[in-house]
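Working notes, beginning with the structure itself.
The values are calculated or read from the model by the stated rules, or taken from the named source; none is laboratory data. In this text, all values refer to a predicted model and were calculated from it rather than measured experimentally. Methodologically, a virtual Cβ is constructed for each residue, glycine included, from the backbone with ideal geometry; neighbour enumeration extends over all protein chains shown. Ligands, DNA and RNA are excluded from the accessible area calculation, which covers all protein heavy atoms including side chains. Shrake-Rupley method; radii C 1.70, N 1.55, O 1.52, S 1.80 Å.
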Amino acid sequence: MTHSGLIDDLKTFLDASPVNFLAVAELRRRLEAAGFTELRATDPWTIRPGARHYVTANGSALFAFIAGDAPAHAGVRIISAHSDSPCFRVKPECEIICDGGIVKLNTEVYGGPILYTWFDRPLSLAGRAILRSNDVLRPEHRTVVFRRPLLVIPHLAIHFNRSVNEGNPLSRQKDMLPVLGRVDNPSEAKGLIRCLVAAELGVEPGDVLDFDLSLYTVEGASLAGLNEEFITSGRLDDLSMVHAALSALLASEGSGATRVMAIFDNEETGSGTKQGAASPVLEQLLRRLCSALGGSDEDYYRSIAASFMISADNAHGVHPNYVEKYDPTNHPVLGGGPVIKINANCKYMTDADSAAVFAGVCERAGVPVQYFVNHSDVAGGSTLGNILTSQIPLRGVDMGAAVWAMHSARETASVADHVFTVRAFTEFFNC
């Protein structure tokens, strides 16, 4: 794929993935088009070398692999990322009727978004609906997305708050509720979202048992800059890394090692769910893979010791207006290549050994590499790597591409960095 084709494909992927459930649905579509077949956790697994399979968890996490022909104890190559991004989730019984028949929705903040960036944008809804079925323990799950603007979070006019530009603390319960529309009769508001979901899916409202719906910005991904060197979009953190991992998996020719793409959910809220990195979901997958390829428990332990993981979650690019916020010698720039993330207090899994491995992979791929370390007076976050190593003692590195405005409704990254990252990931899978 050409560089421009890769970036066009990234934009298409971002626009098709407004929330975690839709991101996984798009991954499934692309994997199946590339010859992958689904395995279910409830079924026995028979896997042959060269087989291409994927497994999902909760409809919002996905694990794909190409089985290698090396012995079961030979180790695996893993790239992990996450499907979720900070946003607003719709609460149950969400409709609130206001003066003049205006209907707003009761929402809850998911993760840590930059709240101001969500004001006065065209917004809509996406997620999944849970539908009645013949088995009360296994209702039907359907993804749902409204592609037209349905909502807006209007800001208060400056005339009512003249000091708004001097700092304006926001209440998540009062200031951030989106407006859905206007009704003539207040009774029309009750159950309005359930009726909208039912109409979109072509079912009766009474068959919609529940839903997981989130707000998203409807503006599509686009290029910016003098030479279109930047990409701007919602959810670059972390869907750009998901796209890079998928692109590398599909492009790789591989060696004898099994190649795994692990896309978790709920990283933005601590990963403590059955589909998150703090669960045993990856550990169980790797055990089952080893067993299905003829390995024993001893082979599994040997495999883990021989494996390597890239934990791919985006990094903070140095902001041209706030250079003082960054470490004086380790502040990556947009366009400077993949970023190795290091923290002395083990917020990342990177150590000197794993940093050297990833830097060597980048060198073989002809890709520049950068380093990110927090300014010592500024606390940083953590990501998938150190959470996963509490479950599985893997060697690995935390890395990402440099972005501006992480957790904004619209983030900015470098086109060149995405190309570099895919090249590095492909080289890693081919090792």
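A few comments on the model shown:
- Among the protein heavy atoms, those of Thr269 account for about 80 Å² of accessible surface (1.4 Å probe, every chain in place).
- Summing Cβ point charges (Lys, Arg +1; Asp, Glu -1) relative to the Cα centre of the range 235-379 gives a dipole of roughly 240 debye.
- Cβ-based charge dipole, the chain, positive-most Cα from Thr2, Gln284, Tyr110: Gln284
- Relative contact order of the chain, taken over Cα pairs closer than 8 Å and 6 or more residues apart, is 22 percent.
- Listed candidates (i) 22.4, 71; (ii) 23.6, 75; (iii) 27.9, 88 - label of the one calculated as Rg and Dmax of the Cα atoms in Å: (i)
- Semi-axes of the equivalent ellipsoid for the range 279-390, Cα gyration tensor, largest first, Å: 33, 16, 11
- Accessible solvent surface per residue of the range 1-114, calculated while the other protein chains remain in place, 1.4 angstrom probe, Å²: 40 Å²
- Straight-line reach from Lys190: taking Cα to Cα under 23 Å and skipping same-chain neighbours fewer than 8 places apart, the lysines in range are Lys91, Lys104, Lys174.
- Value of relative contact order over the range 120-193, rounded to a whole percent, pairs C-alpha under 8 Å and six or more apart: 28 percent
- Computed FRET value (nearest 0.05) for Asn345 with Asp297, which takes r as the C-beta separation and R₀ as 35 Å: 0.55
- Relative contact order of the range 133-242, pairs being alpha-carbon contacts under 8 Å that are 6 or more residues apart, as %: 19 percent
- With all protein chains kept in place, the per residue accessible area of the range 302-431 amounts to 39 square angstrom at a probe of 1.4 angstrom.
- Residues Lys325 and His141, FRET efficiency given R0 of 45 Å [Cβ-Cβ distance, rounded to 0.05]: 0.60
- Full extension of the chain segment joining Ala199 with Glu229 gains 6.7 nm, where the gain is 0.36 nm per residue of separation less the Cα-Cα distance.
- Basic side chains Lys and Arg get +1 at the Cβ, acidic Asp and Glu get -1 at the Cβ, and with that the dipole of the chain about its Cα centre reaches some 440 debye.
- Label point distance in nm, Ser163-Glu93, each placed 7 Å from Cα along Cα→Cβ: 3.7 nm
- For the range 102-255, with all protein chains in place and a probe radius of 1.4 Å, 51% of the accessible heavy-atom surface sits on carbon or sulfur.
- As a calculated quantity, the FRET efficiency between Ser187 and Thr12 at R0 = 25 Å, using C-beta atoms, amounts to about 0.05.
- Cβ-based charge dipole, the chain, positive-most Cα from Val183, Asn165, Phe425: Val183
- Here the chain carries DSSP beta bridges of which approximately 70% are antiparallel, counting only pairs with both residues inside.
- Label positions at Glu283 and Leu170, each projected 7 Å from the Cα along the C-beta direction, are separated by 3.8 nm.
- Each principal axis of the Cα atoms in the range 288-353 has its own extent, and those three values, largest first, are 56, 24, 15 angstrom.
- Filtered chymotrypsin sites (Phe, Trp or Tyr not before Pro), the range 310-407: DSSP coil and at most 10 other beta carbons within 10 Å: Tyr322
- Reachable lysines from Lys347, criterion Cα separation under 25 angstrom, eight or more residues apart if same chain: Lys274, Lys325
- Spatial separation of Cα centroids for the range 225-285 and the range 127-149, in angstrom: 25 Å
- Think of the range 1-91 as having a plus end and a minus end, set by charges on the Cβ of Lys, Arg, Asp and Glu; of Asn58, Leu39, Leu22, Asn58 sits farthest toward the positive end of this dipole.
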